[in-house]
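Beneath this line is the structure, given in structure tokens, with notes to follow.
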Amino acid sequence: MNIQRVEPVEKSIVESIIFLVKSNKDLTPLGLSREEIEYIKKEKKLKKDIIKLNRFSYRIYIAYVNVKGSLSKKLETIRGFGNTITRHVNKSEIEKINISVKAGDKNETLAFLEGMILGNYQFIKYKTGENRKENKLKTLCIDSDVLTDEDLSELQIVTKAVYHARDFVNEPDSFMTATQLSNEAKKLGSDSGAKVEVFTKRKIESLKMGGLLAVNRGSIDPPTFTIFIWKPENAINIRPYVFVGKGVVYDTGGLSLKPTGSMDTMKSDMAGAASVIGGLYAISKSNLPVYVIGLIPATDNRPDGNAYTPGDVVTMYDGSTVEVLNTDAEGRMILADALSYAKQYDPELVIDIATLTGAASRAIGPQAMVGMKVNSDSDFKKLCESGDRVHERIVEFPMWEEYGEMIKSEIADIKNIGGVDAGAITAAKFLEHFIDYPYIHLDIAGPSFLSKVAGYRPFGGTGVGVRLFYDFIKSKVSN
Ligand code: BES
Ligand code: ZN
Ligand code: ZN
């Protein structure tokens, strides 16, 4: 979507326009007829927040952004308004729309525009002929005193990063192999000025990343390990924030094969990788003065002749041994190597993000991600605040010692599954074995992929995590 700044246009309205208002008083200077104003007031009384006027060759939309409630609730409702108008606008086949901000502060206005843009996303690469119905809306022309040019360019960058993350998740695995995923990271890195290095299979073998190599053994495609580095000269930190994303480009379960109904959305098992690439792209493209690193271990998980087996023992990158009792618990195998690799950076904080367990998804569904923390109380709190601001909410699960008992192995240092209970937590306890720094684990199995549209979140990949990471790192600069 194209965002432009324009001069006020309402003096003689001749094309479609959206007015953001807070009260009926804001209607007076808009150049509307008395009948139109009466109609708007009547509709507003009926509790409508978005009112449409049809002037035949063009439309006028009034959006009342006087929402009550907490800041995060308010902003999310306003994003919803933006999305609703985008849908109307596309139905009316409008390509370009003016947005005139009469009321609403910076955050409210940005939330409205964000909802409009995120709601306009489509994944139609594989639609052909008549099935390919592209949204008409392409350009937003904004007249607002509360937004600077920097605000608009930031909005453009962040929403573009979300679009990329959604695309990566929606691409089927025949296209989005581990190598392709690393190529996508390279493309975005060269666009933003970040450095992207990709380890291929030989290098991964020479580093003895046993977890990543074990999961890859059943695949005919090679694994990759991608390092995305943004280290600006004016960085406010010396020790980096490291983000680790699970990049399982397809999860069949391996020899512990998933049943059909559970497998068909497993192209989305690299959603964590997508949010790391998208988030770091947004951070670097916006030139945020913060040193951040992304690590993306990637492979598919398949049951071919040489596949790793339930019962196998794997020696990991850090030298510790893992008894594999379920090859479908593969995410933690590849993440563990990346978490060990992160130690060399002496990080300020490491956050991993992964579609790690069905248990997390069953516990809270698509409404939030599950978060757990180790020695990172204040950053965890800040991350949750970012989550509320951008409506990518985090629900904390405990990391009590007792859960660690459940992954003790008879024959190796640890085993890769716990029991039937507390699956999201035992997965995090497994990962904790590989860290020695402040750490946050995010399980996005619930909110990363939707089976039906939910407001500005589309069917399929949601891009969850991108706006969370951007807001969190940005908050480091303003503090
Ligand atoms: N990728 C899955 C988790 C998942 C499930 C993500 C549903 C999104 C939606 C993960 O690799 C997995 O299979 N986990 C197992 C772990 C179990 C074997 C301990 C699970 O959750 O069943
Ligand atoms: Zn799995
Ligand atoms: Zn998986």
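Observations, loosely collected:
- ASP264 being within 16 Å of ligand 2 (Cβ to nearest atom), of a type outside the set (S, T, N, Q) and at pLDDT 95 or above: yes
- Test: residue in the stretch 285-294 that is within 14 Å of ligand 1 (Cβ to nearest atom) and either farther than 14 Å from LEU213 by Cα or free of Cβ contacts under 8 Å to residues at least 24 places away in the same chain (or both): no
- Test: SER190 is at pLDDT 95 or above, surrounded by fewer than 17 Cβ atoms within 10 Å (Cβ to Cβ) and among the small types (Gly, Ala, Ser): yes
- Where GLU233 falls short, out of the listed (1) open to solvent by 10 Å² or more (accessible area, probe 1.4 Å); (2) charged (D, E, K, R); (3) within 16 Å of ligand 1 (Cβ to nearest atom): (3)
- Qualifying residue in the stretch 336-355 (condition: over 30 Å from GLU233 (Cα atoms), within 15 Å of ligand 2 (Cβ to nearest atom) and surrounded by fewer than 24 Cβ atoms within 10 Å (Cβ to Cβ)): no
- Considering the stretch 224-259, the residues that are closer than 26 Å to GLY311 by Cα and small (Gly, Ala, Ser) include one that is farthest from ligand 2 (Cβ to nearest atom), namely GLY247.
- Residue in the stretch 363-386 that is within 14 Å of ligand 1 (Cβ to nearest atom) and in contact with an Asp or Glu (Cβ under 7 Å, 6 or more places away or on another chain) present: yes
- Hey, ALA363 away from ligand 3 (no atom under 16 Å from the Cβ) and surrounded by 18 or more Cβ atoms within 10 Å (Cβ to Cβ) or not: yes
- For the stretch 454-478, filtering for residues that are over 10 Å from the mean Cα position of the chain (by Cα), hydrophobic (A, V, I, L, M, F, W, C) and assigned to a loop (DSSP other than H, G, I, E, B) leaves 1.
- Wholly within the stretch 348-453, helices (runs of 4 or more DSSP H) carrying at least 2 residues that are under 30 Å from PHE112 (Cβ atoms) and not aliphatic (A, V, I, L, M): 377-390
- Pair list, Cβ under 7 Å, 6 or more apart: the stretch 416-434 residue not assigned by TED's automatic domain parsing to the domain that holds VAL395, other residue at pLDDT 95 or above and part of a loop (DSSP other than H, G, I, E, B): none
- Unique residue being surrounded by fewer than 20 Cβ atoms within 10 Å (Cβ to Cβ) and within 23 Å of LEU450 (Cα to Cα) when the list is LEU152, LEU257, LEU181: LEU257
- Leading residue by the ranking (most open to solvent (accessible area, probe 1.4 Å)) among those in the stretch 290-312 that are away from ligand 3 (no atom under 16 Å from the Cβ) and among the β-branched types (Val, Ile, Thr): THR309
- Number of residues in the stretch 74-101 that are open to solvent by 10 Å² or more (accessible area, probe 1.4 Å), in a helix (DSSP H, G or I) and within 14 Å of THR139 (Cβ to Cβ) equals 1.
- Just so you know, in the stretch 313-327 the residues that are open to solvent by 40 Å² or more (accessible area, probe 1.4 Å) and not polar (S, T, N, Q) include one that is nearest to ligand 3 (Cβ to nearest atom), and it is LEU325.
- Residue that is modelled with the highest pLDDT [pool: residues in the stretch 5-18 that are open to solvent by 70 Å² or more (accessible area, probe 1.4 Å) and either within 30 Å of the chain's Cα centre (by Cα) or basic (Lys, Arg) (or both)]: ARG5
- Qualifying residues in the stretch 56-73 (those that are outside any loop (DSSP other than H, G, I, E, B) and in contact (Cβ under 8 Å) with a residue 24 or more places away in the chain) - the one surrounded by the most Cβ atoms within 10 Å (Cβ to Cβ): ILE62
- Screening GLY419 against (1) surrounded by fewer than 23 Cβ atoms within 10 Å (Cβ to Cβ); (2) at pLDDT 95 or above leaves a single unmet condition, (2).
- Applying a threshold of 7 Å to beta carbon distances and a minimum spacing of six or more residues, or different chains, the list of pairs starting in the stretch 317-330 at a residue that is in the same structural domain as GLY254 (by TED's automatic domain parsing) and ending at one that is within 14 Å of ligand 3 (Cβ to nearest atom) and of a type in the set (Asp, Glu) reads GLU330/ASP251.
- Candidate set from the stretch 295-333 (those that are within 10 Å of ligand 1 (Cβ to nearest atom) and of a type in the set (A, V, I, L, M)); member that is farthest from GLY211 (Cα to Cα): LEU325
- Within the stretch 136-147, not a single residue is open to solvent by less than 30 Å² (accessible area, probe 1.4 Å), in contact with a Leu (Cβ under 7 Å, 6 or more places away or on another chain) and either among the hydroxyl-bearing types (Ser, Thr, Tyr) or at positive phi (or both).
- Looking only at residues of the stretch 39-55 that are within 37 Å of the chain's Cα centre (by Cα) and of a type in the set (D, E, K, R), we find that the one that is least open to solvent (accessible area, probe 1.4 Å) is GLU43.
The values are calculated or read from the model by the stated rules, or taken from the named source; none is laboratory data. Keep in mind the model is a prediction, meaning the values are calculated, not measured. Don't worry about glycine lacking a Cβ; one is built from the backbone with ideal geometry, like all the others, and counts go over all protein chains shown. Protein only, heavy atoms only, side chains kept; ligands, DNA and RNA dropped before computing areas. Shrake-Rupley method; radii C 1.70, N 1.55, O 1.52, S 1.80 Å.
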